[in-house]
Amino acid sequence: MLTHFVQTFGYLAIFVLMTLESALLPIPSEITMPFAGYLASQGTLDLWAVIMVGTVGNLAGSLAAYYLGQIIEERALVRWIRRYGRYLLIRESDYHRGVAWFAKYGGAAAFFSRIMPGIRTYLSLPAGMFEMNVTAFSLYTFSGSLLWSGFLAWIGYSLGSDWGSVSRLVRPLEYLVGAALIGAVAYYLYRRLSIRRSAGGANIR
């Protein structure tokens, strides 16, 4: 059980679980981090250390998936997902959403995807396939993971023994925040395109 593992091994368990989650395994951070935050509220762990360990774990797992994306051939990966993905709760549609998001938004996707449902775990693969600069990928991933890990741990810390309600609270919020972020990025791109078109028309005159 995840909570028993975290309670027994503390920071090591947080690092392992958050690494595995970002390395495409179905381990919910919505359980790991809030429970660790709860333990911090009891004085067993330190809240800031919990957040940093969870963030570094996410980065480590994301880098593993990133380098996997660099060496694996996409058609082989899709075939593997179709055949075995259901055992790891990986859906082909989620993978393709991650690819489309990265192709459209690039570095911004690496940051925002850390709090996006469905996409969060899978975006590192297309980042590697597209050969995104690894330093930029690491910075974006670390920043997004810091926000996500901090948010979950803080809620667990604040709720105390009611930390188990976090997953029910977070899921609708994930979709709400995700929709808002997609809208903001779309508006930004629309504005940039409009300005570029206007500049082009002015040059023609």
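Bear in mind that the values in this text are calculations on the coordinates, not laboratory data. None of these values were measured; they are calculated from a predicted model. No Cβ is skipped: glycine too gets one built from the backbone with ideal geometry, and neighbour counts run over all protein chains shown.
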Quiz item: Suppose R0 equals 30 Å; then what is the FRET efficiency for Ser143 and Arg83 from their Cβ-Cβ distance, rounded to the nearest 0.05?
Solution: 0.30
Quiz prompt | Karplus 3J(HN,Hα) series, Hz, for region 27-39 with 6.51 cos²θ - 1.76 cosθ + 1.60 (x for Gly, Pro) | solution = 10, x, 5, 5, 9, 4, 6, x, 5, 5, x, 4, 4
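When the chain is fully extended, how far beyond the present Cα-Cα distance does Ser161 get from Thr135, taking 0.36 nm per residue of separation?
5.5 nm
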